[in-house]
Amino acid sequence: MERKGILYEGKAKTLYLTDGEDFLVQYFKDDTTAFDGMKKEQLEDKGLINCAISMKIFEFLEKNGVKTHFEKMLSPREMLVKKCEIIPVEVVVRNVAAGSFSRRYGVKEGTPIKEPFLELFYKSDELHDPMVCVNHVFLFGWADRDEIDFMTKEALKINNLLRNFFANIDIVLVDFKLEFGRHNGKVILADEITPDSCRLWDKSTGEVLDKDRFRKDMGNVVESYKEIYGRIMERYGE
Ligand code: ADP
Ligand code: UDP
């Protein structure tokens, strides 16, 4: 499929139009940002590793009945995806307290959350992704009741699947963020699932293996992403 002009250049990925109406090329950059883009660096090979990790996870989810935008790999940094109208609501699922949950509610990082906990955020860099509830979703018309019901159920199902996926490689899935979009009238999982969008801790040592290494200047960011990818390939390879 031929790659045409840029549809959108984001902080970590670029979306290209294709000669097919229904598809986009999603290109994973090495650019790494945090704090609404205030902190920014190029981390060599990050895009490559994230593209590969996201592919393995989307394939795993598809095998388990989750409809995603993933079609196929085009090159090591590029995947063909179904073109979606993104619903501007970030769905976060948490199993262990960390990040903004810990800061907002004064819960020590690492405290287990008794059952998977779902939060919604309005996807807006300008407004710093404010936390919202379903009432905001309806008020602003971001999604209807069926769509948001589907997204929350699907997010919890994905959490169950991914907790196991990572537990099998000695990694704790602490939390993660999902984006959904409309494609041919159906809501499907879009964007990426990578160590940029999840918190992943080594089960035995508690070592942080995700983007918090970048946020907190802990070093070895790409090395940790490679460690995750290595474990995925060892367990779920080709
Ligand atoms: P950001 O927009 O936060 O800077 P990225 O750099 O990851 O983030 O850019 C990717 C953009 O592409 C995101 O805004 C995301 O919502 C959007 N996107 C992801 N998958 C699709 C898709 N299948 N169709 C249309 N847009 C998508
Ligand atoms: N997250 C993300 N994009 C965002 C906000 C959060 O991918 O714009 C992910 C983040 O990496 C973490 C989870 O969602 O895995 C929960 O993030 P949190 O609300 O704790 O925010 P943070 O402290 O990361 O700003």
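The values are calculated or read from the model by the stated rules, or taken from the named source; none is laboratory data. None of the values given here were measured: they were computed from a predicted structure. Cβ placement follows ideal geometry from the backbone for every residue including glycine, while neighbour counts extend to all protein chains displayed.
Key figures for this structure:
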item: Tally of residues being of a type in the set (A, V, I, L, M) and either within 16 Å of ligand 2 (Cβ to nearest atom) or within 30 Å of Gly99 (Cβ to Cβ) (or both) across segment 8-17; result: 2
item: Unique match (being in a strand (DSSP E or B) and over 27 Å from His128 (Cα atoms)) among Leu61, Leu48, Leu74, Leu15; result: Leu74
item: Any hit, segment 56-75, residues being more than 15 Å from ligand 1 (Cβ to nearest atom), in contact with a helix residue (DSSP H, G or I) (Cβ under 7 Å, 6 or more places away or on another chain), more than 23 Å from Val187 (Cα to Cα) and in contact (Cβ under 8 Å) with a residue 24 or more places away in the chain; result: no
item: Set Gly219, Gly206: member being touching a residue at least 60 places away in the same chain (Cβ under 8 Å) and at positive phi; result: Gly206
item: Selected residue [more than 10 Å from ligand 1 (Cβ to nearest atom), exposed (fewer than 14 other Cβ atoms within 10 Å of the Cβ) and closer than 18 Å to Leu74 by Cβ] from Ile49, Ile53, Ile6; result: Ile6
item: Verdict on Val91 being assigned to a strand (DSSP E or B) and either free of Cβ contacts under 8 Å to residues at least 40 places away in the same chain or in contact with a Lys or Arg (Cβ under 8 Å, 6 or more places away or on another chain) (or both); result: yes
item: Residue, surrounded by the fewest Cβ atoms within 10 Å (Cβ to Cβ), within segment 9-46, restricted to residues that are under 11 Å from Glu78 (Cα atoms) and of a type in the set (A, V, I, L, M, F, W, C); result: Leu15
item: Test: residue in segment 147-154 that is more than 19 Å from the chain's Cα centre (by Cα) and away from ligand 1 (no atom under 16 Å from the Cβ); result: yes
item: Residues (closer than 26 Å to Leu200 by Cβ and outside any loop (DSSP other than H, G, I, E, B)) located in segment 127-147; result: Met131, Val132
item: Subset of segment 159-194 (residues that are part of a loop (DSSP other than H, G, I, E, B) and under 11 Å from Ile57 (Cβ atoms)); result: Glu192, Ile193, Thr194
item: Segment 109-126, subset away from ligand 2 (no atom under 12 Å from the Cβ) and either assigned to a loop (DSSP other than H, G, I, E, B) or among the small types (Gly, Ala, Ser) (or both), residue modelled with the lowest pLDDT; result: Glu126
item: Filter result (of a type in the set (S, T, N, Q) and either in a helix (DSSP H, G or I) or crowded, with 23+ Cβ neighbours inside 10 Å (or both)) within segment 195-225; result: Ser224
item: Unmet requirement for Ser102, which otherwise passes all of (1) more than 13 Å from ligand 1 (Cβ to nearest atom); (2) touching a Lys or Arg at 6+ places or on another chain (Cβ under 8 Å); (3) in contact (Cβ under 8 Å) with a residue 40 or more places away in the chain; (4) not acidic (Asp, Glu); result: (3)
item: Residue that is farthest from ligand 2 (Cβ to nearest atom), among those in segment 18-45 that are in a strand (DSSP E or B), within 25 Å of Asp212 (Cβ to Cβ) and within 18 Å of the chain's Cα centre (by Cα); result: Tyr27
